[in-house]
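Written below as C-alpha cells is the structure these notes are about.
The values are calculated or read from the model by the stated rules, or taken from the named source; none is laboratory data. Because the structure is a prediction, the values reported are computed rather than measured. Here the Cβ is made from the backbone with ideal geometry for all residues, glycine too, and neighbour counts use every protein chain on show. Surface accessibility is based on the protein's heavy atoms, side chains included, excluding ligands, DNA and RNA. Shrake-Rupley method; radii C 1.70, N 1.55, O 1.52, S 1.80 Å.
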Amino acid sequence: MKRIAILVETALASGRSILAGISEYVHERDDWSVFHPTGYLGATEPGGLEQWDGDGIIARISGTRVLESVRLKNVPVVDVLGNVPACPYPIIKSDDRAIGRMAAEHFIESGHHHFAFLGLEDERWSLDREEAFLETVRHRARQTSSFHLNADEKRAGHWNENVHHMVEWLEPLPRPLGLMVASDQFGPMAMKACQRMGLLVPEEISVVGVDNDQPFCDLCRPRLSSIEPDHVKVGYEAARLLDRMISGETVSIRQVETSPLTLHRRPSTDATAVNDPTLVKALQYIRESACLGISVDAVAREAGLSRSVLQRRFQEHLGRTVGESLQATKLRRARDMLTFTELPLAEVAERSGFNYQEYLTYVFKKHLGTTPARYRANTRELARDSLT
C-alpha cells in the first residue's frame, strides 16, 4: 500500500477540485492510502506531517514553511501550485497566463478600452494572471491599472479597509472599465466597492473572476462571471506523476500547465462597453425593471430620449433593439429561477415578466430550442454530473 500525504486546502473551490482529481485517480487504484492533514476551515497543516511516515506527497507549496515541511520527509513530491521560485519538485498547475489572456480577450470582445486588475502582491499565480492580462490588452488599452492586496490585508478583519482602499483606487479610473479579479473570493469585495461609489455593474464596471467558485459568484450582485481552470486535471495528473515517481521511474518533467476550461458568462459582464450616459441609464432601467412588464416607450422616457433615437442608439452601440434587450433580460431571469428555485412554471412566467406559462414556453422554444421544463431538468442533471 502506497501511503500518500495531500497538503491541499479545501476552503476554496480550486483546492476542492484538485482533491477531486486526486480522488479520481485514487478510485482507479487499489494501492493508495491517503493522509490529508487539515486545520481550521480546511486550511492545510504542514505540521501534521511530523508524525507521518509515507511514500509520497502532493502539496500546494505556497511558501517556505510548506516547502521545508515536505523536504524533511525525503520522499517524492509533486507541487500543484508553483508559487515558490526554484522549487526542487515537479510542478503540475493551471496555466495562469492563459487565464489572464482569456479574461482580457473577453473584455476586448465586449468593446472595452480601459482595464484594471485586482490581485495579490505575494502570490505567483496572481502575478502571472495580471501580467498576461495587461500584456494582452496593451495594444488596445487607453489606460490600465492594478491594485494589490498585501499579506495583512487578506485577513478577514481587514475586509472593510480593503473595500475602502478599493474605492480610493477605482474612483478616478475612466469608465466603462473591465475589471479582472484574480480569484472569485475577492468578487464580493469588488462589488461592495462599486456599490459604495454608486457605480453600475456591468454598465460602468464589468467584473470577471477566476475559479468558478459558485458560492462567491452567487453572492455577488449581479452574479459574477468567472473563468473555470481545469483544477481537476491538475489533481489527476499530479497523482499519476507521483505514482510513477514512487514506482522508481525517473521523470524529467519540471512543469506542466493545464489550460482553462471556459469562461462562465454571468450578469457581471453582460454588457457591451458604452460611454453614452443615456444608454447606461436605459440599460440599468432594463436590468432592474424588465420583469415588471415595462415597455420600450417607458425605457425611452427613463433615458430622456425619443423612442426612435433610443432604438437607433441601441442598434449602433449594442447591435440589438430595445425590445430584444427587454426580452433577453426576462429570459435570463426565467433561466435563473428554473435553475436555482423550485417555483412552479406558471410562477416563473409571472415573476420573469412573461405573464403566462404558454408564452414562456413559446419564447424558450424560439430562443433555446427547448421547453422550460426540459431546461430545468437538463440543468439539474448537469449539476448532478458535476458532483459525481
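The table below lists the values:
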{"item": "Qualifying residue in the stretch 50-71 (condition: open to solvent by 40 Å² or more (accessible area, probe 1.4 Å) and aliphatic (A, V, I, L, M))", "result": "no"}
{"item": "Of all residues making up the stretch 303-322, the number that are more than 14 Å from residue 276 (Cα to Cα) and over 32 Å from the mean Cα position of the chain (by Cα)", "result": "3"}
{"item": "Meets criteria (in a strand (DSSP E or B), farther than 30 Å from residue 208 by Cβ and touching a residue at least 12 places away in the same chain (Cβ under 8 Å)) for residue 34", "result": "yes"}
{"item": "Per-region count, the stretch 209-252, residues among the β-branched types (Val, Ile, Thr), in contact with a helix residue (DSSP H, G or I) (Cβ under 7 Å, 6 or more places away or on another chain) and farther than 26 Å from residue 182 by Cβ", "result": "1"}
{"item": "3 or more residues open to solvent by less than 40 Å² (accessible area, probe 1.4 Å), closer than 26 Å to residue 286 by Cβ and at pLDDT 95 or above: qualifying strands (runs of 3 or more DSSP E) within the stretch 188-273", "result": "205-210"}
{"item": "Members of the stretch 274-299 that are out of contact with any Ser or Thr (no Cβ under 6 Å at 6 or more places or on another chain) and open to solvent by less than 40 Å² (accessible area, probe 1.4 Å)", "result": "274, 276, 278, 279, 280, 282, 283, 289, 294, 296, 298, 299"}
{"item": "Among residues of the stretch 304-330, those that are among the hydrophobic types (A, V, I, L, M, F, W, C), modelled with pLDDT of 90 or more and under 21 Å from residue 223 (Cα atoms), counted", "result": "1"}
{"item": "Some residue of the stretch 104-119 being over 26 Å from residue 318 (Cβ atoms), outside any strand (DSSP E or B), among the hydrophobic types (A, V, I, L, M, F, W, C) and in contact with a strand residue (DSSP E or B) (Cβ under 9 Å, 6 or more places away or on another chain)", "result": "no"}
{"item": "Qualifying residues in the stretch 1-31 (those that are part of a strand (DSSP E or B) and charged (D, E, K, R)) - the one least open to solvent (accessible area, probe 1.4 Å)", "result": "2"}
{"item": "Sole exception among (1) outside any loop (DSSP other than H, G, I, E, B); (2) at pLDDT 85 or above; (3) over 26 Å from residue 274 (Cβ atoms); (4) open to solvent by less than 70 Å² (accessible area, probe 1.4 Å) for residue 358, by number", "result": "(4)"}
{"item": "Test: residue in the stretch 76-97 that is in contact (Cβ under 8 Å) with a residue 24 or more places away in the chain, out of contact with any His (no Cβ under 8 Å at 6 or more places or on another chain), of a type in the set (Phe, Trp, Tyr) and surrounded by fewer than 17 Cβ atoms within 10 Å (Cβ to Cβ)", "result": "no"}
{"item": "Filter result (over 24 Å from the mean Cα position of the chain (by Cα), closer than 26 Å to residue 356 by Cα and acidic (Asp, Glu)) within the stretch 269-300", "result": "297"}
{"item": "Residue check for residue 170: under 13 Å from residue 145 (Cβ atoms) and crowded, with 24+ Cβ neighbours inside 10 Å", "result": "no"}
{"item": "Selection within the stretch 54-76 - part of a loop (DSSP other than H, G, I, E, B) and touching a strand residue (DSSP E or B) at 6+ places or on another chain (Cβ under 7 Å)", "result": "54, 55, 60, 61, 73, 75, 76"}
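For every residue, the table says whether it meets (1) in contact with a Gly (Cβ under 8 Å, 6 or more places away or on another chain); (2) within 24 Å of residue 264 (Cβ to Cβ); (3) surrounded by 18 or more Cβ atoms within 10 Å (Cβ to Cβ); (4) of a type in the set (Phe, Trp, Tyr).
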residue	(1), (2), (3), (4)
111	no, yes, no, no
123	no, yes, yes, no
132	yes, yes, yes, no
143	no, no, no, no
150	no, no, no, no
